[in-house]
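A short worksheet on the structure shown next.
What follows draws every value from the coordinates through simple rules; no lab data is involved. These numbers come from a predicted model, not from an experiment. Reconstructed Cβ throughout: ideal geometry from the backbone, glycine too, with neighbour counts over all protein chains shown.
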Amino acid sequence: MKVHFISIGGSVMHQLAIALHKKGYQVTGTDDEIFEPAASNLKQHGLLPVTIGWDPGKITADLDAVILGMHAKSDNPELLKAIDLKLKIYSFPEYIYHESQQKKRVVVGGSHGKTTTTSMIMHVLKHTRQQFDYLVGAKVEGFDQSVDITNAPVIVCEGDEYPASAIERKPKFHFLFPHVAILTGIAWDHINVFSTFEFYLEQFIIFINKIEVGGLLIYNESDPVLNKLVTEHSRADIRYQPYSIPSHKITAGATTVTLEGVSGGLKVFGNHNLLNLHAAFYACKELGLTAQDFVQAIGSFTGAAKRLELLSSSKDAAVYRDFAHAPSKVKATIEAVKEQFPDRKLIGVLELHTYSSLNEAFMKEYNGALEPADQAVVFYSKHALAIKRLPDLPETAVQEGFNKSGLLVFTDAALLKEWLLSANYHNSNLLLMSSGNYNGMDVVALAQEIIQKTDTDN
């Protein structure tokens, strides 16, 4: 097989290129910019382009496949030549399916919890020494890459609803055709892609209809929107497995879960993680594992990167980082920390970074999202607004939208850092929520400084 990547430097694209290279394929690729760690990873495997930029000369008639990344535009010269030569052009998810037609496909969809649920399944399968391929949207402990394609009989995929490529605007998860599908919940938070909630819902209906005949849909019955959608669009030719929060108990900040009479301790916590875990259990059960297998394996799962990740802690304080940015995710994450540590003060800091979250009209969707926090802070950068070519977001609109008493709003990262370092963290948890980086702030170093200062003060 001879494969060329247009936009090989993408965070997942370059890892697929490496996976295919390891499989023995002849791989080439180009891009107009390649950042770390992609550049070093590609160089290590001899796949880093000699020159940066597009090169139509690399598009030849003997290519078996051209894989088009999201970064490439519809007028890309390599893409235009590939079209002219009538080559097979795939978006990333289309190619994953192309490589997985003979595999049992497990696909995790939903507005939230996809990465964690996918990671949990991967962790358990690896722990029980199963052979499988995977595609996941974050770094998972124990896995060198976020995508792997071999000759394994099973593939586990995180399937998101964003467009597949510049020329294929349909959502990625419409191309994966699962035998085992998971839907974690539905919360509209991509207004820049899906203009109405009804249009957003339609994507999940299509996904359900893509499940292979005889397949299984595992769905969160505690989500009223999802439950209604599944009920109204049921299929007679697939099976259904509803799930909710499993039986569990919290003792001294530690959670124990019970599945089919088997109990075990967890390193992760929160109702949203328990929901993810329950979905992952049913997927693993469908793949032949027992409750005993699952509970024993999941006990060592520490979470995907930036998902309630503990950055630093002391005897009476801790700093967590989470990818939460959409209203439903923010609320679930804050509630998780508050429930796990009810006697500690919770300081919740949210960065508005996405197109939706920086949109003044979207602010009302955050009403009550920060309510469980004892002290709530919202940060957004004027620089982020400028990059996304969005109009100014007035602080008053943020205050009104969140409707949280005592809410602090910062637009200057230096002032936010100053405030964070001056706060009192005695018997407290600090929760940093963002899909960005607080305008370049090193939150890992900040967390360590905060905990050191807290230890010194005590």
What does DSSP give for region 1-66 in terms of the percent of beta bridges that are antiparallel, rounded to the nearest 5? 10 percent
Sorted from fewest to most neighbouring beta carbons within 10 Å, what does the list TYR134, TYR95 look like? TYR95, TYR134
Long pairs among LYS267/LYS417; LYS104/LYS285; LYS104/LYS126; LYS249/LYS315, criterion Cα-Cα beyond 24 Å: LYS267/LYS417
At 7 Å along the Cα-to-beta-carbon direction for both ILE167 and LYS126, put a label point, then send me their distance in nm to one decimal. 3.5 nm
If you stretched the chain out fully between LYS228 and ASP343, how much longer would it get, using 0.36 nm times the residue separation minus the C-alpha to C-alpha distance? 37.7 nm
Where labels lie 7 Å past Cα in the beta-carbon direction, separation of GLN101 and ILE245 in nm: 4.5 nm
Explain nothing, just the number: relative contact order of region 309-457, from Cα pairs under 8 Å at least 6 residues apart, as a whole percent. 36 percent
Could you work out the helix-only [θ] at 222 nm for the chain, with each DSSP H run of four or more residues adding -39,500 (n - 2.57) and the total divided by the number of residues, to the nearest 500 deg cm²/dmol? -9500 deg cm²/dmol
Using just the Cα positions, wrap the chain in a convex hull and report its mean projected area in square nanometres, one decimal place. 22.3 nm²
Could you state the angle between the C-alpha long axis of helix 327-340 and the longest principal axis of the C-alpha atoms of the chain, as a value from 0 to 90 degrees rounded to the nearest 10? 50 degrees
Over region 2-87, consider all pairs of different Cα atoms and compute the Kirkwood hydrodynamic radius from their mean reciprocal separation; express it in Å, one decimal. 12.7 Å
Taking other Cβ within 10 Å of each residue's Cβ, how do VAL12, VAL225, VAL444, VAL378 sort, fewest first? VAL444, VAL225, VAL12, VAL378
For region 1-154, what is the relative contact order in percent, using Cα pairs closer than 8 Å and at least 6 residues apart in sequence? 24 percent
In the chain the DSSP beta bridges are antiparallel at a rate, in percent to nearest 5, of 25 percent
Of all stretches in the chain that avoid GluC sites (Glu not before Pro) placed in a DSSP loop and having at most 15 other Cβ atoms within 10 Å, the longest is 261-458
Output the antiparallel fraction of DSSP beta bridges having both residues in region 102-175, as a percent to the nearest 5. 25 percent
Just to confirm my numbers, what's the Cα centroid distance between region 94-109 and region 217-281 in Å? 24 Å
As straight-line cross-link partners of LYS172, the qualifying aspartates and glutamates (C-alpha separation under 18 Å, not fewer than 8 residues apart within one chain) are GLU94, GLU99, ASP133, ASP148, GLU158, ASP160, GLU161, ASP189, GLU202, GLU212
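How do SER428, SER40 rank when sorted from fewest to most other Cβ atoms within 10 Å of their own Cβ?
SER40, SER428
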